[in-house]
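Novice: Take a look at this one; I'll ask things after.
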Amino acid sequence: MRFRIFRYDPDKDEKPAMRGYDVRLDPHDRMLLDALIRIKEQDDSLSLRRSCREGVCGSDAMNINGKNGLACITKLADLKEPVELRPLPGLPVIRDLIVDMSQFFKQYHSIKPYLINDDPVPEKERLQSPREREELDGLYECILCACCSTACPSYWWNPDKFVGPAGLLQAYRFIADSRDQATAERLDNLEDPYRLFRCHSIMNCVDACPKHLNPTRAIGKIKELLVKRTV
Amino acid sequence: MALAKRSFDAVVVGAGGAGLRAALQLSESGLSVAVLSKVFPTRSHTVAAQGGIGAALGNMDEDSWLWHMYDTVKGSDWLGDQDAIEFMCREAPKLVYELEHFGMPFDRNENGTVYQRPFGGHSQNFGERPVQRSCCAADRTGHAMLHTLYQRNVRAHTQFFVEWMALDLVRDSSGQVLGVTALEMETGEVMILNARATLFATGGAGRIFWSTTNAFICTGDGLGMAARAGIPLEDMEFWQFHPTGVAGAGVLITEGVRGEGGYLLNKNGERFMERYAPNLKDLASRDIVSRAMATEIKEGRGAGPHGDYLLLKLDHLGPEVIDKRLPGIREISKKFANIDPVKDPIPVVPTVHYMMGGIPANYLGEVVVPQGGNPEAVVPGFYAAGECACASVHGANRLGTNSLTDLLVFGKAAAESMIKFLKENPGRKDLPKDAAERTLSRLARLDNQKNGESVAEVATEMRRTMQSHCGVFRFPDTLAEGVKKIRGIADRASRTQIKDKSRVFNTARLEALELDNLVEVARASMVSAEARKESRGAHDRSDQYKDGDRLEYKPVHMKPLTARTIEPKVRTY
C-alpha cells in the first residue's frame, strides 16, 4: 500500500517534505495505525504518538487524506492511495506527525475544566437523577485528541484567543452538570468577542470528531444561555 | 558528564489513576511535586478501563466491605495479603464518594445514587449469589475517572512534566531512593530529578506478550527501573488473561457485558460456563472463565472457520440497554470485529490483560525488599502504587473492577505515607556521584551500537516467546525452554541498534529504552512461572497440581487488620 507522509526533523532538515512509502501489509493489518507501525519497522525515524490503539486515548490524531482523524480507528480499506498523512493543521510541528499541543491544552485549562461546588461535602454521593446525568452524554466522552479544534478555521486564525470547539464542549459539560454551581462565572468567562463568539457554526468540528460528538450544538447551548441571561 | 538537576519534595512517575490520585494528595498538601508522564496524563492506560470500580456502596442490594474482602481473597486464590485486601475494601466506598464529589459522571439510579452493575467473582454473603458492586460510567469508567482526576489536578495546580520518560532509579549506597533520571522527549535532554520521596505509578507491562488488551505504552518501565536498581519483583508469574478480548485484534470487551446479562457460547451454541461454574456461571472469576474457554477451544468446540474463538452473545439485552450501558462496546465491535452486537455475537478469546505481580509493596504503598532475614524491609524514600505495585491485593488472580479500586486506594495511601515520611525526614541527602551513570551508559551504548539487531525484531521475538511458552496453560518442558529463550532475548536486547540519532522526539530511542524494561519483566515472568511448581489462580501448570501443596516465596499476610482470617478452601464458583 502506498503512502505519502509529512516528514520534518528540525535536528537535520531545513524544511519539511513529503516522503513516499510503499509498504507490504500483513493480512491482520486493519487500521491505519497498523500500517504506520509496519512503516516504522522499516524506517525507525518516522515519529508519531500512539498508545491505546482503540480510539480512547486520543494520541494518534493526524490529518488523513485531508481530514482529521485517529489513525487507530481509521480502516485502511476505506483510504484512497496514496494515503497522504500530515500533522494536525494549525499547530506548530515538533517533528513529523507530532505537533505541539500546548496552546490547545491552554485553552482547555482556561475554561476551568473541573466541577465547582462549594457546598459542604456530603457523607455519601451527591444525588443526580438519571435525566440530569443524561445531560452529560455526548459531552464527557471527549478524548482531547484535538481533531475538532484543528479542523476549525476560526481556531486557525485565533488559537490564542478563541477557546475552540474542544474547550467549549467541555465548558458546556460543566454548565450542564446539575452538581456544578458556577454557571454564571463560566458564562462570564466566555462572554467575549473571541473566546466563544469566534464560532461561526462552520461545523468542521462535528465532521472531524472521531467520537461522534457535537461541539457546535454545545456551543449553541452556551450562546442560548447567554442570550437568556441578557433578556 | 554532569547532568542538570532539579529538586522536589516528591516525584511521581506515571500519571494514570494511581499517579494522579497520589499527585492530588501531594499537591494539595503544599509540597513541591513533579509528576512525570510519557504521555499527556489523559492518554494513560487507565483511560481504557471499561466496566467499573468495585466498592461496597450497597446502592442496589445489601452489601458490605467484608463480603468484598472475602470475594477478593477467594479471587486471589489466597495469595493476596489479607491486611491489604481489608484496607482496600474498607476504603473503597470513601474513595468512590470522593471521586463523585470531584465530578465523576457516574451512571445513576432513579433515586439519584450511583448505579452499580454485577461483575465476575463479586458476591453477596460470602459467595452465595452475585451482587451489584461495580460503580460505573457506561462502559467508559476508566476514561471518566482518569479525566476527572486530571481535572481535579488542574484545579490543584499540580506540576506535570508531560512527555518525560523516567529512565533509572537513583539510590545511594544505603539503598535509599533519591529520585530518578529522566528524558525530555521533545528536546532529548536528560536530567536528574532529585526527590526526597519517589512514587512509581507506572502501570502494567502487557506488551511483553504478542496479544494483549494493553496500550503500546504499557512497557513495565517502573519494574525495569526497580529491577535494574536491585529490587526483586514479586509474583511475576501471575498474568491475567481477560476472557473477552476481540479475536484477532486483542481489544478489550468489558466483563460488564456479562454483568449486564451477556453470556458465552461455544460452536454448538452451548452456554458452556454452566459446566465449569454452576453457581456464578459466566460471572465466575477471570482465571476460571479463561481456562474454561481455552479448554473449549482445545477440545474442538471453538467457533469460527478455525475453531479458535468463542462467542459472546448480548443481542438479547436489546438495543436500548446496549446503547445506554455498553455504547463503547458496540463501537469497538463494529470497528474491530466487523459485527454489530445488537444483532450478532462478538468473537472473543482470552487475552493478556493485567499483571498481578510487580514491585513488592505493603498496604501503605511503601516498597519492601528482603534484607537481613526480614522479608519485608522498607526501602526508604520509595513508594509504588497501582498495577506496577504488588501490595498484594490481587494475589494469583485479580477480580474485575478491583484494578480501579486499587489505583484510588493505594494511590492515596502511598501519597499519605510520603507526606508522613517527608515530615519526619526533613533533610535532603546528597546524591551519589554516580547517580546518573547507569542511564548515561545505556544512552551511550545505544548511540554507539554497531551491527546490532533492530528493536522491532528483538521485541517481536520476545512477544512470540512469551505468548507460546507462558500462556493460559503452562507445561514444565515449554517453560524450561522459555527460560532459555528469554535469557537469550534479554542478551540480544542489550545489543539493539537504532538508525535514528536525532535529539528531537526520537521515538526509536524511546522504544529501545522501553525494550530494556520489557525484557526485565519478561525474564522475571518466565523464570517465576518455571519456578512455581503448582497451579494457583492464573498460573496453571496442568502437570504439577496437587491441592494443598502450595508455595510461598514471601510470606502471605493471612492476618487482616481487624477482620477474622479468611481460611483457605477449595475454590469453586
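Novice: What's the number of the only condition in (1) more than 17 Å from the chain's Cα centre (by Cα); (2) within 14 Å of another protein chain (Cβ to nearest Cβ); (3) farther than 25 Å from B:Arg325 by Cβ; (4) surrounded by 24 or more Cβ atoms within 10 Å (Cβ to Cβ) that B:Met104 fails to meet?
Specialist: (3)
Novice: Any residue in the stretch B:497-509 that is under 18 Å from B:Ser211 (Cα atoms) and surrounded by fewer than 20 Cβ atoms within 10 Å (Cβ to Cβ)?
Specialist: The answer is no; no qualifying residue exists.
Novice: Please specify each residue of the stretch B:233-249 satisfying the condition of being out of contact with any Phe, Trp or Tyr (no Cβ under 7 Å at 6 or more places or on another chain), part of a loop (DSSP other than H, G, I, E, B) and modelled with pLDDT of 95 or more.
Specialist: B:Leu233, B:Asp235, B:Met236, B:Glu237, B:Phe238
Novice: Quickly run through the stretch B:158-180 and pick out the residues that are assigned to a loop (DSSP other than H, G, I, E, B) and either crowded, with 21+ Cβ neighbours inside 10 Å or facing chain A (nearest Cβ under 10 Å) (or both).
Specialist: Hits for the stretch B:158-180 are B:Thr158, B:Glu163.
Novice: Looking at this structure, is B:Glu461 at pLDDT 95 or above, closer than 18 Å to B:Glu91 by Cα and charged (D, E, K, R)?
Specialist: Working: at pLDDT 95 or above: yes; closer than 18 Å to B:Glu91 by Cα: no; charged (D, E, K, R): yes.
Criteria not met by B:Glu461.
Novice: Failed condition for B:Val369, given (1) outside any loop (DSSP other than H, G, I, E, B); (2) surrounded by 24 or more Cβ atoms within 10 Å (Cβ to Cβ), with all others met?
Specialist: (2)
Novice: Oh, and also: Does B:Glu184 satisfy the condition of being surrounded by fewer than 24 Cβ atoms within 10 Å (Cβ to Cβ) and within 19 Å of B:Ala34 (Cβ to Cβ)?
Specialist: When the stated conditions are applied, B:Glu184 passes them.
Novice: Could you tell me whether the stretch B:96-115 includes any residue that is touching a strand residue (DSSP E or B) at 6+ places or on another chain (Cβ under 7 Å), assigned to a strand (DSSP E or B) and farther than 30 Å from B:Asn506 by Cβ?
Specialist: Checked the stretch B:96-115: at least one residue is touching a strand residue (DSSP E or B) at 6+ places or on another chain (Cβ under 7 Å), assigned to a strand (DSSP E or B) and farther than 30 Å from B:Asn506 by Cβ.
Novice: Can you find even one residue in the stretch B:202-211 that is touching a helix residue (DSSP H, G or I) at 6+ places or on another chain (Cβ under 6 Å) and surrounded by fewer than 23 Cβ atoms within 10 Å (Cβ to Cβ)?
Specialist: yes
Novice: Hey, among the residues in the stretch B:497-540 that are within 14 Å of another protein chain (Cβ to nearest Cβ) and of a type in the set (A, V, I, L, M), which one's nearest to the chain's Cα centre (by Cα)? I'd like the intermediate steps shown before the answer.
Specialist: Going residue by residue through the stretch B:497-540, those that are within 14 Å of another protein chain (Cβ to nearest Cβ) are B:497-515.
The next check asks that each one be of a type in the set (A, V, I, L, M); those that pass are B:498, B:504, B:508, B:510, B:512-513, B:515.
Values: B:Ile498: 29, B:Val504: 30, B:Ala508: 25, B:Leu510: 21, B:Ala512: 22, B:Leu513: 20, B:Leu515: 18 Å.
It comes out as B:Leu515.
Novice: If A:Thr230 meets every condition in (1) closer than 30 Å to A:Ile73 by Cβ; (2) modelled with pLDDT under 95 apart from one, which number is that one?
Specialist: (1)
Novice: Considering only residues that are over 25 Å from B:Val455 (Cα atoms), assigned to a loop (DSSP other than H, G, I, E, B) and more than 7 Å from chain B (Cβ to nearest Cβ), which ones fall in the stretch A:56-69?
Specialist: Answer for the stretch A:56-69, where residues must be over 25 Å from B:Val455 (Cα atoms), assigned to a loop (DSSP other than H, G, I, E, B) and more than 7 Å from chain B (Cβ to nearest Cβ): A:Asn65, A:Gly66.
Novice: Taking the condition of being closer than 21 Å to A:Ala71 by Cβ, small (Gly, Ala, Ser) and within 14 Å of another protein chain (Cβ to nearest Cβ), how many residues in the stretch A:111-159 meet it?
Specialist: Result for the stretch A:111-159: 1.
Novice: Consider the stretch B:396-412. How many of its residues are basic (Lys, Arg) and either in a helix (DSSP H, G or I) or surrounded by fewer than 24 Cβ atoms within 10 Å (Cβ to Cβ) (or both)?
Specialist: The total comes to 1.
Novice: When residues of the stretch B:19-47 are filtered for being within 14 Å of chain A (Cβ to nearest Cβ), farther than 30 Å from B:Val556 by Cα and either crowded, with 24+ Cβ neighbours inside 10 Å or in contact with a Phe, Trp or Tyr (Cβ under 9 Å, 6 or more places away or on another chain) (or both), how many remain?
Specialist: 10
Novice: Considering only the stretch B:79-98, I want to know if a residue exists there that is crowded, with 24+ Cβ neighbours inside 10 Å, in contact (Cβ under 8 Å) with a residue 60 or more places away in the chain and acidic (Asp, Glu).
Specialist: Checked against the condition, which is being crowded, with 24+ Cβ neighbours inside 10 Å, in contact (Cβ under 8 Å) with a residue 60 or more places away in the chain and acidic (Asp, Glu), the stretch B:79-98 yields at least one hit.
Novice: Do any residues in the stretch B:284-304 that are farther than 23 Å from B:Gly259 by Cβ have Cβ atoms under 7 Å from those of residues that are surrounded by fewer than 21 Cβ atoms within 10 Å (Cβ to Cβ) and of a type outside the set (S, T, N, Q), where the two are at least six apart or on different chains, and which pairs are they?
Specialist: B:Ile297/B:Gly307; B:Ile297/B:Asp308; B:Gly300/B:Gly307; B:Arg301/B:Lys267; B:Gly302/B:Lys267; B:Gly302/B:Asp308
Novice: Inspect all residues belonging to the stretch B:562-569 and state whether any of them is among the polar types (S, T, N, Q) and either under 19 Å from B:Gly75 (Cα atoms) or surrounded by fewer than 16 Cβ atoms within 10 Å (Cβ to Cβ) (or both).
Specialist: Scanning the stretch B:562-569, I find at least one residue that is among the polar types (S, T, N, Q) and either under 19 Å from B:Gly75 (Cα atoms) or surrounded by fewer than 16 Cβ atoms within 10 Å (Cβ to Cβ) (or both), so the answer is yes.
Novice: Just to be sure I understand the filter: pairs with C-beta atoms under 7 Å, separated by 6 or more residues or on different chains, first member in the stretch A:74-92 and part of a helix (DSSP H, G or I), second member surrounded by fewer than 20 Cβ atoms within 10 Å (Cβ to Cβ) and among the hydrophobic types (A, V, I, L, M, F, W, C). Which pairs pass?
Specialist: Close Cβ pairs satisfying both conditions: A:Leu76/A:Met1.
Novice: Can we say B:Thr478 is in contact (Cβ under 8 Å) with a residue 40 or more places away in the chain, of a type in the set (Val, Ile, Thr), surrounded by 14 or more Cβ atoms within 10 Å (Cβ to Cβ) and closer than 24 Å to B:Arg207 by Cβ?
Specialist: Here the answer is no, as B:Thr478 does not meet what is asked.
Novice: Let me ask something additional. Having 2 or more residues that are hydrophobic (A, V, I, L, M, F, W, C) and closer than 30 Å to B:Arg536 by Cβ is the bar; report the helices (runs of 4 or more DSSP H) wholly within the stretch B:282-340 that clear it.
Specialist: B:286-298
Novice: Being of a type in the set (S, T, N, Q), part of a helix (DSSP H, G or I) and either touching a Cys at 6+ places or on another chain (Cβ under 9 Å) or surrounded by 12 or more Cβ atoms within 10 Å (Cβ to Cβ) (or both) is the filter here; which residues of the stretch B:413-469 pass it?
Specialist: Of everything in the stretch B:413-469, those that are of a type in the set (S, T, N, Q), part of a helix (DSSP H, G or I) and either touching a Cys at 6+ places or on another chain (Cβ under 9 Å) or surrounded by 12 or more Cβ atoms within 10 Å (Cβ to Cβ) (or both) turn out to be B:Ser417, B:Thr439, B:Thr460, B:Thr465, B:Gln467, B:Ser468.
Novice: Any idea how many residues of the stretch A:160-200 are within 14 Å of chain B (Cβ to nearest Cβ), without any contact (Cβ under 8 Å) to a residue 60 or more places away in the chain and assigned to a loop (DSSP other than H, G, I, E, B)?
Specialist: Residues that pass the stated criteria total 2.
Novice: I'm checking my understanding of the structure. Among residues of the stretch B:305-336 that are within 14 Å of chain A (Cβ to nearest Cβ) and of a type in the set (Val, Ile, Thr), which one is farthest from A:Lys75 (Cα to Cα)?
Specialist: Once the filter is applied, the top-ranked residue is B:Val321.
Novice: While we're on this one: Could you check A:Leu136 against (1) of a type outside the set (Ser, Thr, Tyr); (2) in a helix (DSSP H, G or I); (3) over 14 Å from the mean Cα position of the chain (by Cα); (4) within 28 Å of B:Tyr115 (Cα to Cα) and say which number it fails?
Specialist: (2)
Novice: Still on this model: Given the options B:Arg129, B:Arg155, name the one that is surrounded by fewer than 24 Cβ atoms within 10 Å (Cβ to Cβ) and in contact with a Phe, Trp or Tyr (Cβ under 7 Å, 6 or more places away or on another chain).
Specialist: Answer to the check: B:Arg155.
Novice: Go through the stretch B:217-232 and report how many residues are β-branched (Val, Ile, Thr) and either farther than 26 Å from A:Arg50 by Cα or modelled with pLDDT under 95 (or both). Please lay out each step first, then the result.
Specialist: Let us first name the residues in the stretch B:217-232 that are β-branched (Val, Ile, Thr), namely B:217, B:219, B:231.
Filter once more, so that each one left must be either farther than 26 Å from A:Arg50 by Cα or modelled with pLDDT under 95 (or both): B:231.
Count: 1.
The values are calculated or read from the model by the stated rules, or taken from the named source; none is laboratory data. Every value quoted in this text rests on a predicted model; they were computed, and no experiment measured them. Here the Cβ is made from the backbone with ideal geometry for all residues, glycine too, and neighbour counts use every protein chain on show.
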